[in-house]
Amino acid sequence: MLDKTSTAPEAERLLGWYDRHHRDLPWRVSPPMRARGVKADPYHVWLSEVMLQQTTVAAVKPYFAKFLALWPGVNDLATARSEDVMAAWAGLGYYARARNLKKCAEAVAAEHGGRFPATEAGLKALPGIGDYTAAAVAAIAFDEPAAVMDGNVERVISRLYAISDPLPGSKPAMKAKVAALTPQERPGDFAQAMMDLGATICTPKRPACALCPFREDCRALAVGDPEHYPVKAAKKAKPVRRAAAFVAVSPQRRMLLQRRPDKGLLGGMTQVPVTDFTSRRDGATSPDAAPFPAGWQPRGTVVHIFTHFELRVDVYRAGVAERAVEDGWWEPLDNLAAQALPSVMKKIIETAIVSTPDPTQGHAQ
DNA sequence: GAGTCGTGGCG
DNA sequence: TCGCCAAGACT
């Protein structure tokens, strides 16, 4: 049984490796700075962790900088306009994160005096903060020895102990292993070290085991094939869904836009009029589904891959006189960049405005 | 527990 | 080219 006050030798090796090979990231306080007493800003840690959920470091960096410039503190974000937050998040994906980010900032400002709770349990009670983010913020910003488990840690742990039971079923057992390894001293650096190791050494493909601080400990390496881990349950095939999109442009150079409902796919984001994405009918779409009759011209098909389905959108364009619409508004083309347009909508607009229809592509199969 | 929920980069 | 997946949360 491990003494709670001592640090496991594996953790010592990992922290030593982290001191030499840690990544410098905009939201991170490096080990030398921490040694001088510099604390991580809980707002920075929380903001980066939410952005990093299922998202790469490279994708997050510019968004993190933009958010800090627009809203330097959690109270600024709490009083921001929701539309501005959604527009700033546009392109980063998983838009429920942005809605919950705003809710969380409001809760911190209103219910916690503008300071994040310093415990894992207190953090987890906030919107958009689950098991991982609560543990990460608690460990990194508040030095709480919380067991941080993300995809990187799952990969490292599954290899270190050669866990052959498939995820997600094996997750509780893995978390117990992490908890046993997490040191009382420097728990935040330990968590970040595990993730850096997973991102740079213990990678999904071709891990650099010769450079790994766990190379003498790793059961999977001893057996011979670390790349085989972690074992995951088989995944289902993506269904294909079809839709039609209608890009209406007026002589005043304005485009008809709408706001999607707050819940569900692309919730709260901006769109051009589209048929729903749930229709699974095969074959061609038609301009009959447009919000109003006009000279709708086919402009091509946009294919966009979501997490659990593939969407093929036939794009139609028409020049139309501006008219009153039940839901929606006419937005100047020069101001489209400031809208909360998800990537699939930018593709659709691009296809409608710029590209030439390709006779070999298109609607019907 | 199994579905839902984006996007872009990479081997 | 295309499947895989990257610091998950919520229902």
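Just so you know, all these numbers are worked out from the coordinates, no wet-lab data involved. Please read all numbers here as calculations on a predicted model, not as lab measurements. With ideal geometry, Cβ positions are generated from the backbone for all residues, glycine too; neighbour counts draw on all protein chains shown.
Hey, could you pull the Cα Rg and Dmax for chain A, both in Å?
Considering chain A through its Cα atoms, Rg and Dmax are 24.4, 77 Å.
Expressed as an acute angle from 0 to 90° and rounded to the nearest 10, what is the orientation of the C-alpha long axis of helix A:343-353 relative to the principal long axis of chain A?
That helix lies at roughly 30 degrees to the long axis.
For chain A, with a Gaussian network of springs between Cα atoms less than 10 Å apart, report the residue from A:E326, A:E350, A:E111 with the top mean-square fluctuation.
Result for chain A, Cα springs under 10 Å: A:E326 fluctuates most.
Just flag the trypsin sites (Lys or Arg not before Pro) in segment A:240-331 sitting in loop per DSSP whose Cβ has no more than 13 other Cβ atoms within 10 Å.
A:R253, A:K263, A:R280, A:R281, A:R323
A:K175: which aspartates and glutamates have alpha carbons under 13 Å from its alpha carbon, excluding same-chain residues fewer than 8 sequence positions away?
Excluding near neighbours in sequence, the set is A:D131, A:D150, A:E154.
Please compute the modelled spin-label separation between A:S6 and A:T275, points set 7 Å along Cα→Cβ, answer in nm with one decimal.
Here the modelled spin labels are 6.9 nm apart.
Given the Cα-Cα distance of A:S30 and A:V354 and 0.36 nm per residue of separation, how much length would full extension add, in nm? Walk me through the numbers on the way to the answer.
Details: separation 324, 0.36 × 324 = 116.64 nm, distance 4.58 nm.
That pair, A:S30 and A:V354, stretches by 112.1 nm at full extension.
Relative contact order for chain A: what percent, with Cα pairs under 8 Å and sequence separation of 6 or more? Please list the in-between numbers first.
Values: 572 pairs, mean separation 58.0, N = 365.
For chain A, the relative contact order is 16 percent.
³J(HN,Hα) across segment A:59-65 via Karplus (A = 6.51, B = -1.76, C = 1.60, θ = phi - 60°), whole Hz, x for Gly/Pro?
5, 6, 3, x, 5, 4, 5
For the residues A:I201, A:I305, what sequence is obtained by ranking on other C-beta atoms within 10 Å, fewest first? Walk me through the intermediate numbers first.
Details: A:I201 19, A:I305 10.
Placing the least packed residue first, the sequence is A:I305, A:I201.
Could you work out which residue, out of A:V315, A:V148, A:V231, moves most in a Gaussian network model of chain A, that is, has the largest mean-square fluctuation with Cα springs under 10 Å?
So, out of A:V315, A:V148, A:V231, the one fluctuating most is A:V231.
Filter A:K61/A:K347; A:K124/A:K263; A:K238/A:K263; A:K124/A:K238 down to the pairs with a C-alpha to C-alpha distance above 29 Å, please.
Values: A:K61/A:K347 23 Å; A:K124/A:K263 22 Å; A:K238/A:K263 22 Å; A:K124/A:K238 32 Å.
As for pairs spanning more than 29 Å Cα to Cα, those are A:K124/A:K238.
Would you please state which residues of segment A:165-179 a label at A:A234 would reach in this model, taking the label point 7 Å out along Cα→Cβ and a backbone N cut-off of under 19 Å?
Label zone hits: A:165-170.
Considering chain A as a Gaussian network with a 10 Å cut-off on Cα pairs, which listed residue, A:F142, A:F292, A:F277, attains the greatest mean-square fluctuation?
A:F292
Quick one: which residues, 5+ away or cross-chain, put their amide H under 5 Å from the amide H of A:A340? H built at 1.01 Å from N.
Sorted by chain and number, the residues that satisfy this are A:T270.
Estimate the FRET efficiency between A:R81 and A:D19 by the formula 1/(1 + (r/R0)^6), using the beta-carbon distance for r and 51 Å for R0, to the nearest 0.05. Before the final figure, lay out the partial values.
Numbers: r = 43 Å, r/R0 = 0.84.
Plugging the Cβ-Cβ distance into 1/(1 + (r/R0)^6) gives 0.75.
Amide H of A:Q297 versus every other amide H placed in the peptide plane: which residues, excluding those fewer than 5 positions away on the same chain, fall under 5 Å?
A:R317, A:A318
Fully extended, how many nm does the chain gain between A:D327 and A:A96 (0.36 nm per residue separation, minus their Cα-Cα distance)? Kindly include the intermediate steps, with their values, before the conclusion.
Values: separation 231, 0.36 × 231 = 83.16 nm, distance 2.21 nm.
Difference between extended and current length: 80.9 nm.
Given the DSSP H assignment, sum -39500 (n - 2.57) over each helix run of at least 4 residues in chain A and divide by its residue total; what's the result at 222 nm in deg cm²/dmol, nearest 500? Each step should come with its number before you reach the end.
Numbers: 14 runs with 140 residues, N = 365.
Rounded to the nearest 500, it is -11500 deg cm²/dmol.
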